[in-house]
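Notes to accompany the following structure.
The values are calculated or read from the model by the stated rules, or taken from the named source; none is laboratory data. Only a predicted model underlies this, so the values are computations on that prediction, with no experimental measurement involved. Here the Cβ positions follow ideal geometry from the backbone for every residue, glycine too, while neighbour counts run over all protein chains shown.
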Ligand SMILES: [Zn+2]
């Protein structure tokens, strides 16, 4: 029996276990750095399988690193389990219907991501036992991918330093070995403190922090014209200073998210935004302070590993879907907006992706960011994207949450586990592939080393600790 068949059988034999874990994490729907139950569930499963589990890895409450075996090669499989705020949604519904009004939901499918990775790590362990393969398989439970840069903090703590190669995946609406670059990013809070006063009776005595936020945003919007084509600048006013227009706002805060193709460019844009914030404070007679939140690095693609994942993906193949599954996906597509439907047609108009996209050795560009980027700077890293929902389902949407417990999602998750496990086993059995991936990695970096964008004093924090009163 070949390796792909062997790991596929292992994962299928325990499909009910993996579906139960994924569905439980969907239910927990915990957001950045609050994934206590999700991380603990992963840790307990891994312990039962004989993995040595490091909870609070790198001093991060909801990060885990679980190892099985010993010595090199050390192969990492990266999992995530954080949800998104405000996206609570009942499962398997065709309309937007929150399960908990204002609650969280798995709008990026990380319940599937973390569990598919878990199934992969355990299948590799079982394969190692059955075939006497030497080396270490490691499951990384990475918190706070959504805006929290969990892997960047884990990387800063040195948790990936001894790893040889890393594999991961993402739930998606089509099937591909992802050979792409992505944008580096950072998030910084800017807080302004002024002086309150009666806005009509004594306006001359007030110093408005909200004015400072507004002027900062005007300045930043003028900066936009002078950024490079692929740079991005977004902001959210997280504290407008209260709800009373007749009070001059004494405090206000805005969160900036900056993106650019390289970490160095993000640093330069941040320096300019800080100057704009200083200018806004000067104009309004307020005090400005800033708090770095999180960052993630740009993605270093690795063709050696991504083409390996593509081969394994092809060997394993995509699942068949029942008439009910196709009908459900079609009805989900019926909920798309006119524009989303147009985009769907432009992309090929499928109901559920039923083939693997061709592999291109030339990296594509994705205008998003991921903290997998930080890992990719330290070790050769590759990722597959696997269909887990109706073709064209918009990202971070109620439709993703609705489909997160569906049989389509479960099939995609198990498939991703098989592809990652088969790829991990391949490099463990053929260490020359690891050498090749490392040579390519070194060439890509051309002497540069990983420098985290996160200042030394910044610690990972749940978003709730930033919320204004
Ligand atoms: Zn995601």
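Annotations
- So residue 231, is it without any contact (Cβ under 8 Å) to a residue 60 or more places away in the chain and over 30 Å from residue 10 (Cβ atoms): yes
- Check on residue 259, in contact (Cβ under 8 Å) with a residue 24 or more places away in the chain, within 18 Å of residue 453 (Cα to Cα) and part of a strand (DSSP E or B): yes
- Condition met for residue 75 (crowded, with 19+ Cβ neighbours inside 10 Å, part of a helix (DSSP H, G or I) and touching a residue at least 40 places away in the same chain (Cβ under 8 Å)): no
- The sole residue among 147, 194, 135 that is under 14 Å from the mean Cα position of the chain (by Cα) and touching a residue at least 60 places away in the same chain (Cβ under 8 Å) is 147.
- Which listed residue is in a loop (DSSP other than H, G, I, E, B) and assigned by TED's automatic domain parsing to the domain that holds residue 84, from 402, 369, 376, 307: 369
- Some residue of region 58-77 being in contact with a helix residue (DSSP H, G or I) (Cβ under 6 Å, 6 or more places away or on another chain) and either modelled with pLDDT under 95 or within 26 Å of residue 393 (Cβ to Cβ) (or both): yes
- Of all residues making up region 394-415, the number that are within 14 Å of the ligand (Cβ to nearest atom) and crowded, with 24+ Cβ neighbours inside 10 Å: 6
- Of 425, 454, all but one fail to be touching a residue at least 40 places away in the same chain (Cβ under 8 Å), surrounded by 24 or more Cβ atoms within 10 Å (Cβ to Cβ) and over 12 Å from residue 171 (Cβ atoms); the exception is 425.
- One residue from 391, 328 being part of a loop (DSSP other than H, G, I, E, B) and away from the ligand (no atom under 16 Å from the Cβ): 391
- The one condition from (1) outside any loop (DSSP other than H, G, I, E, B); (2) not assigned by TED's automatic domain parsing to the domain that holds residue 107 that residue 435 does not meet is (2).
- Close pairs from region 95-123: first under 24 Å from residue 75 (Cα atoms), partner within 11 Å of the ligand (Cβ to nearest atom) and assigned to a helix (DSSP H, G or I), Cβ under 7 Å, at least 6 apart: 109/400
- The number of residues in region 360-388 that are under 17 Å from residue 437 (Cα atoms) and more than 16 Å from the ligand (Cβ to nearest atom) comes to 9.
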